[in-house]
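The values are calculated or read from the model by the stated rules, or taken from the named source; none is laboratory data. This structure is a prediction, so every number in the text was calculated from the model and none was measured. Don't worry about glycine lacking a Cβ; one is built from the backbone with ideal geometry, like all the others, and counts go over all protein chains shown. Just so you know, the surface numbers come from the protein's heavy atoms only, side chains and all, with ligands and any DNA or RNA stripped out. Shrake-Rupley method; radii C 1.70, N 1.55, O 1.52, S 1.80 Å.
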Amino acid sequence: VVAQHAALKQVHRAGKSRHEVRGGGRKPRPQKGTGKSRQGSIRAPQWRGGGVAFPRQRRDFAMSLPRRVVDAGTKVALSDKLRRSALLLVGRLALDEPKTSALLERLQRLRLSLPHTRAGGGHKVLLVGGDDRSDESQAAARLAAQNIP
């Protein structure tokens, strides 16, 4: 939760420091002999029109979480969905040919309708395939799923 809140935090304004303000390249007066204080630039913070001493800067507040924490969060979220019966696990979604219509028909047989196919909205569907690249039917399902928005 802290990492999510930190990622949302933004600094909208940024001030200019003495190095970012335009001008002020030479000394305004000699170092000695005038009776005035020594000055190096007319863009120093004590001068009117000078930069800000410690300006606000835009920066990224995002925090990186350890991989195990992210994995644990994913595990908790998926187990909660499974407990609430909001998760449907299918062992094998193999297709004979790489056709999007065949994949949509298979999903409709599982009583899943995608949000773009129904007027009243549908289900969010996440298809996770195996890592077996040699399986032709899995490759066909992968190709058919690429065309679904």
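Some observations on this one:
- Stretchable slack from LYS9 to LYS81, in nm (0.36 nm times residue separation minus alpha-carbon distance): 23.0 nm
- Top positive-direction residue, dipole computed over the chain with Cβ charges, set SER85, VAL128, SER17: SER17
- With Cα atoms, 0 to 90° folded angle of helix 136-145 axis to the chain main axis: 60 degrees
- Per-residue SASA remark: ASP71, around 80 Å² accessible (1.4 Å probe; ligands, DNA and RNA not included).
- Here the dipole of the chain is about 2060 debye; that uses its Cα centre as origin and unit charges on the Cβ of Lys and Arg (positive) and Asp and Glu (negative).
- Modelled FRET efficiency - R0 41 Å, ARG22 with PHE61, Cβ distances, 0.05 increments: 0.90
- Helix-only CD estimate at 222 nm, as mean residue ellipticity for the chain, using -39500 (n - 2.57) per DSSP H run (n ≥ 4): -9000 deg cm²/dmol
- Cβ-derived FRET efficiency at R0 35 Å, VAL70 paired with ASP135, nearest 0.05: 0.75
- When the chain is reduced to its Cα atoms, the Kirkwood hydrodynamic radius in Å: 22.0 Å
- Dividing the radius of gyration of the alpha carbons in the range 1-59 by their Kirkwood radius gives 1.27 for Rg/Rh.
- Within straight-line reach of LYS36, meaning a Cα separation under 17 Å, sit the following lysines at least 8 residues removed in sequence or on another chain: LYS27.
- Solvent-accessible area of the chain (1.4 angstrom probe, protein heavy atoms only): carbon and sulfur portion equals 52 percent.
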